[in-house]
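Asks: Can you read through this structure? Questions will come right after.
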Amino acid sequence: MNRIKSSLLLFPALLLAVSPLLAQDRQRVSPHETVNATIGGNDISVVYGRPYTKDPKSGEMRKIWGGLVSYGKVWRMGADEATVFTTKNAIDMGGTTIPAGTYSLYLLPAADGSAKLIVNKQTGQWGTKYDEAQDLARVDLKKSKPESPVEQFTIEIEQTGAAGVLTLAWEDTQYSVAFTAKK
């Protein structure tokens with residue numbers, strides 16, 4: 001009888017502990033994508049949520065830079081869970097060594113158009129759970145204008161010779177940073 005009571009008490013506690021994890025999946029409002037590339041013999045992947053310029057609830061167009069993505073504040077660089085970046089081998093990104101491993105990526109845009117890519121050692125968290133103490137690096141990004149407006153947030157990895165370029169684009173703005181495999 002005591003075992004049954006213990007089990008009955010344990011089940012609600014377990015359900016309460018797991019429910020936030022289950023709720024995260026139900027709260028997704030944007031599609032997700034995985035981008036894979038092999039640059040200089042190194043496998044790299046990015047997993048991220050791809051929000052649209054249109055509000056998913058109202059259908060209204062949103063102001064992205066300086067609106068949804070606030071200047072001077074860390075942004076999850078996508079939607080839902082934090083964006084995940086994995087590199088099989090160490091890379092040099094914007095003059096900073098990023099060891100082999102899995103990281104979360106964040107963006108810190110400024111009103112003057114500059115931005116920093118934040119490589120953070122904490123992984124598996126919902127995108128808004130940023131811990132600055134876990135930052136591995138902050139890398140300067142190059143700003144440019146895409147050929148045409150980008151309606152859905154997009155991350156690309158392109159090969160340019162032996163190097164690669166990580167590019168993120170949305171609305172009328174594009175940021176990029178070059179990287180190379182460490183030997």
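The values are calculated or read from the model by the stated rules, or taken from the named source; none is laboratory data. The structure presented is a predicted model; accordingly, all values stated were derived computationally and were not measured. Here the Cβ is made from the backbone with ideal geometry for all residues, glycine too, and neighbour counts use every protein chain on show. Ligands, DNA and RNA are stripped out before the accessible areas are found, and what is left, the full protein with its side chains, is counted by its heavy atoms. Shrake-Rupley method; radii C 1.70, N 1.55, O 1.52, S 1.80 Å.
Asks: Among 95, 134, 180, which residue has its Cα furthest toward the positive end of the charge dipole of the chain, with +1 on Lys/Arg Cβ and -1 on Asp/Glu Cβ?
Replies: Towards the positive end, the residue furthest out is 134.
Asks: Considering only 152, 27, 122, give the residue with the highest GNM mean-square fluctuation for the chain, with springs between Cα atoms whenever their separation is below 10 Å.
Replies: 27
Asks: For residue 43, tell me the accessible area in Å² from a 1.4 Å probe, rounded to the nearest 10.
Replies: 70
Asks: So what are the ³J(HN,Hα) numbers for the range 120-127, from phi and the Karplus equation (6.51, -1.76, 1.60; θ = phi - 60°), rounded to whole Hz, Gly and Pro as x?
Replies: Those phi angles translate into 10, 6, 7, 10, x, 8, 4, x Hz.
Asks: So, one more: When the accessible area of the chain is split by element with a 1.4 Å probe, what percent falls to carbon and sulfur?
Replies: In the chain, the share of accessible area belonging to carbon and sulfur is 54 percent.
Asks: For the chain, what is the accessible area per residue in Å², given a 1.4 Å probe and the full set of protein chains?
Replies: 56
Asks: Could you give the length gained on full extension between residue 29 and residue 122, defined as 0.36 nm per residue of separation minus the Cα-Cα distance, in nm?
Replies: 31.2 nm
Asks: If the limit is 24 Å between Cα atoms, which of 88/143; 121/183; 145/182; 129/182; 63/121; 57/121 go over it?
Replies: Where the Cα-Cα span goes over 24 Å, the pairs concerned are 88/143; 145/182; 129/182; 63/121; 57/121.
Asks: Could you give the angle, 0 to 90 degrees to the nearest 10, between helix 2-26's Cα long axis and the longest principal axis of the Cα atoms of the chain?
Replies: Value to nearest ten degrees: 20.
Asks: Sketch the reach of a paramagnetic label on residue 70 as a point 7 Å from Cα along Cα-to-Cβ, and name the residues of the range 97-111 whose backbone nitrogen lies under 13 Å away.
Replies: Once the point is set 7 Å along Cα→Cβ of residue 70, 109 turn out to lie under 13 Å by backbone N, inside the range 97-111.
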